[in-house]
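Notes for the one structure printed next.
The values are calculated or read from the model by the stated rules, or taken from the named source; none is laboratory data. All of these numbers come straight from a predicted model, not from anything done at the bench. Note: ideal-geometry Cβ built from the backbone for every residue, glycine included; neighbour counts use all protein chains shown. Just the protein is used for accessible areas: all its heavy atoms, side chains included, with ligands, DNA and RNA removed. Shrake-Rupley method; radii C 1.70, N 1.55, O 1.52, S 1.80 Å.
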Amino acid sequence: AGADNDLYINQAIVFIEDAIQYRSINHRVDSKSLWLYRWYYSRTCQWILSLTITVILALAFIEEPSSLTVTSDVRFRLPAWNPPCGLTESMELLCFLVFVADVSVKSYLIGWKEFWKNKWLMAYILTLIVSLTDWIVSLSFFCKESVRIRRILRPFFLLQNSSMMKKTLKSINSTLPEMASVVLLLAVHLSLFTMFAMLLFARTKDNQQDKEWVVYFRNLPDSLTSLLVLLTTANNPDVMIPAYSKNRAYSIFFILFTVLGNLFLMNLLTAIIYNQFRGYLLKSVQSSLFRRRLGIRAAFEVLSSLKETPASAQQSCVSVGALLQVLQKAEMDSRCKQAIMRSLKMCSCDQLSAAQFQKLFEELDKDAIKQHPPSPEYQSHFMQKMQFAFGHPYFGYLGNVVALANIISICVVLVMDADKQPSERDDFFLGAINCFFILYYLLEMLLKILAMGLKRYLSYPSNRFDGLLTVILLILEIATFAVYGFPHPGWRPEFMGLLSLWDMVRLVNMLIVFRFLRIIPNMKFMALVVTTLLDLVKNLRAFAGILVVVFYAFAITGIMLFKGAVVPLGNTSSKAELTGSCVDIKVLYFKEKNVISWCSAHFQAEVIYCLLSVLCVHPICRWAKIYFVAWWLISSVIWVNLFVALLLENFIHKWDRRCQRESLSDIEYQRTVELMFRDVLEEPTEEELMEKLHQHPHLQLCR
């Protein structure tokens, strides 16, 4: 009986931890498996796994072609260091071994039946097999092979390790059919206007009047490319200048194309993506809520099986003591744990029903609240007046005005000295005002600490930022006086190294501009916009992770496709170099951002349209258009619209709730993606929960 009770307690602990993290409970629940499960999801183990993923992704920086150069300009950079064969391969092998252990533990914990239902795990194993095979082939060729398939597969390890990224990807995949209809309409729009353009700007007998045909509409691929780039406004108004110079009426064609394409179709795509993606994301969050409720109910069911539960009870119940024992061992947020324990102490009953048990854990669904410590209470009447004066918001406004004066004075001095030689500058005025402002910032910090108390002062992020800046400025100012002496007429601190001490003081002073962010909470609409952006940043990890996956995959693909595609300047065999000075400049710009290393490959978005218009004129490069158009569709069209959809949803949610919550200066609320949809989610019924629990492959319930 004692062993059974220990097992039930451990099962309840794991189920509650699963509920907190929105994890599935369909895993083995015997004693050894529970120990392995908790060890796998421990902070140490997950930290090792995250570090391994970071290392294998970062290998692209040092692998050939290496990105370890100070500058990307091919005219000035030194040859990059390329690691010897076997160095990065050894690090890869260590990472692969960690991934093999990871997939083995996951497969064992969920069981054989669940394994065949889990497509992500099967894809995980397939990715490892392909990567290890490619790794062996690489060593057999002594690292001289030009194509490494495993490099493109590396982002998968990041993708499969995040449940939120999987849900986001599933939502995107479900939205694709609706996106495809608008993209097809966009393709029809491009095709029709391409035909019209080829008819309007056809070749004539007068070669002087055929500039539009020569540059932009010579043939079908060039015409389609020109209008596709115009859809992004990257070649606007260059593409219409020759025709407009010939006849103003040609502007009607380009206006119609831009209005229909940019104003109607692209915004229609945004609306469809927002509507569809919101629905699928809501379903995903609904499934997360179901997982949480299922985990809590599973914990209740196993705790109700304890031997100490009264046999005479008409319905299942859990003793308060058993729940307290579980809470003490479970890994959960201290705020939630303390709130649940307070509720238990206030409860007069010794046994908890299923509804009471579930209600206790609703604390997990509430907003995280951060309450600031109270201000000190002074007995002296003089100190009370000081506290009132320097704790008043107007004192903070005065600090903002002084910071504005600081910024204006620095800008004035920089503008006046912009054209002067270093030997002609007199830094006496700037040194004197810097000394004054730093003394004011120090005085302001000390007076605020006096009024608010140190703990309350440090509880505000804006105060911590101001205090850190003040301390840095004070240290740099003291160091400046120690090295250069006090400011005096003709005072010119010498320039030493990359940045002199004096220049560092001036740069840090510019950070004071952030002091004005403190006025945002006092402006309701601006506060709404800013809190929307902050919440979006906090909950953007899944979207940012998928964006990293897309960037990484396209960067590696670009390296393999375009490695050596551009001949270095000075080589007379370069076709692009011989076409004219305009093309020379574009090729040079491309080579500065060339897709020849992983790091520089991430800048390819800046030069996509340059490449489409310059490099793709050669027959060998025309197929490169597919790569760059695919990049534009995924990154600019689809992903930007998905970001706009999440931004709109977050903003509308806050706008609808702005009158429901009173603004309290001493309380800060923190929201997550799940909490953002909390008001529209449906609670699962008891029948649904019990039906799912009875389908558990490894848990046998007593009822």
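Which of the residues spanning segment 90-126 are acidic (D, E) and modelled with pLDDT under 90? Across segment 90-126, the qualifying residue is only E114.
Restricting to segment 423-437, count the residues that are over 18 Å from I475 (Cβ atoms) and at pLDDT 70 or above.
Our first condition is that a residue be over 18 Å from I475 (Cβ atoms); within segment 423-437, this holds for 423-430, 432-433.
Add one more test, that the residue is at pLDDT 70 or above, and what stays is 428-430, 432-433.
Qualifying residue count, segment 423-437: 5.
Taking the stated definitions as given, is S24 closer than 18 Å to L701 by Cβ and not in a helix (DSSP H, G or I)?
Numbers: closer than 18 Å to L701 by Cβ: yes; not in a helix (DSSP H, G or I): yes.
The answer is yes for S24.
Looking at F465, F436, just one residue is open to solvent by 80 Å² or more (accessible area, probe 1.4 Å), assigned by the TED database to the domain that holds P393 and not hydroxyl-bearing (S, T, Y), and that residue is F436.
Please tell me if L364 is in contact with a Leu (Cβ under 9 Å, 6 or more places away or on another chain) and under 30 Å from L7 (Cβ atoms). No.
Within segment 225-240, how many residues are assigned to a helix (DSSP H, G or I) and either loosely packed, with under 15 Cβ neighbours inside 10 Å or among the aromatic types (F, W, Y) (or both)? Talk me through it step by step, then tell me what you get.
Pass one, segment 225-240, residues assigned to a helix (DSSP H, G or I): 225-231, 238-240.
Of the ones still in play, those that are also either loosely packed, with under 15 Cβ neighbours inside 10 Å or among the aromatic types (F, W, Y) (or both) are 238.
Residues meeting the conditions: 1.
Taking every residue in segment 91-103 that is surrounded by 15 or more Cβ atoms within 10 Å (Cβ to Cβ) and pairing it with any residue that is among the small types (G, A, S), at least 6 positions away or on another chain, the pairs with Cβ-Cβ distances below 7 Å are F96/S131. Scanning segment 376-419 for residues that are open to solvent by 50 Å² or more (accessible area, probe 1.4 Å) and assigned to a loop (DSSP other than H, G, I, E, B) gives E377, Y378, Q379, S380, H392, A418, D419.
The rows are residues; the columns are (1) assigned to a helix (DSSP H, G or I); (2) modelled with pLDDT under 85; (3) in contact with a Leu (Cβ under 6 Å, 6 or more places away or on another chain).
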{"site": "V182", "(1), (2), (3)": "yes, yes, yes"}
{"site": "S191", "(1), (2), (3)": "yes, no, no"}
{"site": "T194", "(1), (2), (3)": "yes, no, yes"}
{"site": "M198", "(1), (2), (3)": "yes, no, no"}
{"site": "Q208", "(1), (2), (3)": "yes, yes, no"}
{"site": "S223", "(1), (2), (3)": "yes, no, no"}
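Just one of the listed residues (F254, F277) is buried (at least 19 other Cβ atoms within 10 Å of the Cβ), outside the structural domain of E17 (by the TED database) and modelled with pLDDT under 85, namely F277. Within segment 126-141, count every residue that is without any contact (Cβ under 8 Å) to a residue 24 or more places away in the chain and in a helix (DSSP H, G or I). Result for segment 126-141: 8.
Selection of segment 443-462 for residues being of a type outside the set (S, T, Y) and surrounded by 15 or more Cβ atoms within 10 Å (Cβ to Cβ) yields E444, M445, L447, K448, I449, L450, A451, M452, G453, R456, L458.
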